[in-house]
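Beneath this line is the structure, given in structure tokens, with notes to follow.
The values are calculated or read from the model by the stated rules, or taken from the named source; none is laboratory data. The structure presented is a predicted model; accordingly, all values stated were derived computationally and were not measured. Backbone-built Cβ (ideal geometry, glycine too); neighbour counts: all protein chains shown. Side chains are part of the model used for accessible areas, which takes the heavy atoms of the whole protein and leaves out ligands, DNA and RNA. Shrake-Rupley method; radii C 1.70, N 1.55, O 1.52, S 1.80 Å.
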Amino acid sequence: MLNRRHYRVKVMQTIYAMHQHESDSLDKEERFLLQSIDNSQDLYLVMLSIFDELQLKERTYLELASKKHLATKEEQNPNFKFVNNSFFKIIANHAAFYDKLEERKIDNWKRNDDCILFLLEAIKASDLYKRYMAVETTEFKKDIFFMYDVFNEIIAPNEKLYDYLEDFKITWVDDIPVINTLISKQIKAIRSFEDSIELPQVFKDLDDKEFVRNLFRKTVLNEVEFAKEFENKTPNWDKERIAELDTIILKMAICELLKFPSIPVKVTLNEYLEIAKEYSTPKSSIFINGILDNLVKDFQASEKFSKSGRGLL
């Protein structure tokens, strides 16, 4: 479900938290790291369950409105096109999805339905919804395209929803764009009622899980050694002037360069430069790029690399 850059960010954040809390419990912090990754599955389920709750809320509203004493003509003959959308039916028939909700105890929208009501209101007020409901006929393909647009244009960018998710679990903040992209792709890929939403695994395979553990442990256990590698490469920078996040990024990059033989040098450099651009100071990527470029040359000259395989250098 997550990619390796995302894993690297999780490791970076965990090491940063260790420094801030002055924690020396490797096992405890590793458990926190793995739990924060595991929690991304809960976020996926929470986001996907929005559709189930939207359908339930709107159907309940239409049925109650039709039974009102002074119901309008429109309320007496409600338009069920939205609640009968083909995507809702695919979700409703997804037994594994409901089993996973129960297993993970996901009931956020049962306890906090104000977000669902707010989203439903935003959907029904949109031109997208009005155009969809104005066409009497129903087509499977158009149902899916409509729900794809609803998710991307109304649900995913909703600020109130984002605030709720951030408040509920702080470790979800960096996961939200990844999970939203995944769900968007899954909706777009549906071609028929026979298609289903494949529930993703937290780790693609055991190699990914071992990568996370090894990157975390090897970086933390060798921080002093890795720091020495770039101490003399920053003549114009006092230690106090180097952002702590930058030093962590450098140590993690050095760890990959020296301790992960199967990861190409270019991949490591590109990944950490992108992380620096997104998470550290505006000048960090330039600073880190310069240091890593010099370190790679030194490692190659001194034959410190243990890279094996074609295209790894």
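Taken residue by residue, region 57-66 has at least one member that is at pLDDT 85 or above and open to solvent by less than 10 Å² (accessible area, probe 1.4 Å). Looking only at residues in region 259-270 that are in a helix (DSSP H, G or I) and open to solvent by less than 30 Å² (accessible area, probe 1.4 Å), the one that is nearest to VAL224 (Cα to Cα) is THR268. Of all residues in region 289-306, those being assigned to a loop (DSSP other than H, G, I, E, B) and hydrophobic (A, V, I, L, M, F, W, C) number 1.
For region 11-54, the tally of residues that are farther than 21 Å from ILE106 by Cβ, surrounded by fewer than 16 Cβ atoms within 10 Å (Cβ to Cβ) and among the charged types (D, E, K, R) stands at 5. The lone criterion from (1) in contact (Cβ under 8 Å) with a residue 12 or more places away in the chain; (2) among the basic types (Lys, Arg); (3) under 30 Å from ALA17 (Cα atoms) left unmet by LYS100 is number (3). The residues listed here are ILE286, ILE254, ILE275; of these, the one that is of a type in the set (A, V, I, L, M), in a helix (DSSP H, G or I) and within 25 Å of the chain's Cα centre (by Cα) is ILE275.
Taking the condition touching a Ser or Thr at 6+ places or on another chain (Cβ under 7 Å) and over 30 Å from ASP38 (Cα atoms), does ASP127 pass? Against the criterion (touching a Ser or Thr at 6+ places or on another chain (Cβ under 7 Å) and over 30 Å from ASP38 (Cα atoms)), ASP127 does not qualify.
Please verify whether ILE190 is part of a helix (DSSP H, G or I) and touching a residue at least 12 places away in the same chain (Cβ under 8 Å), treating the condition exactly as stated. In short, no. Is it true that PHE216 is hydrophobic (A, V, I, L, M, F, W, C), modelled with pLDDT under 90 and either more than 30 Å from HIS94 (Cβ to Cβ) or not in a loop (DSSP other than H, G, I, E, B) (or both)? No. Considering each residue of region 282-295 in turn, at least one proves to be touching a residue at least 40 places away in the same chain (Cβ under 8 Å), open to solvent by 20 Å² or more (accessible area, probe 1.4 Å) and touching an Asp or Glu at 6+ places or on another chain (Cβ under 8 Å).
Note on region 105-163: enclosed helices (runs of 4 or more DSSP H) holding 3 or more residues that are more than 20 Å from ASP42 (Cα to Cα) are 114-125, 127-134, 140-150.
Could you tell me whether region 75-93 includes any residue that is of a type in the set (S, T, N, Q), part of a helix (DSSP H, G or I) and surrounded by fewer than 14 Cβ atoms within 10 Å (Cβ to Cβ)? Yes: one or more hits.
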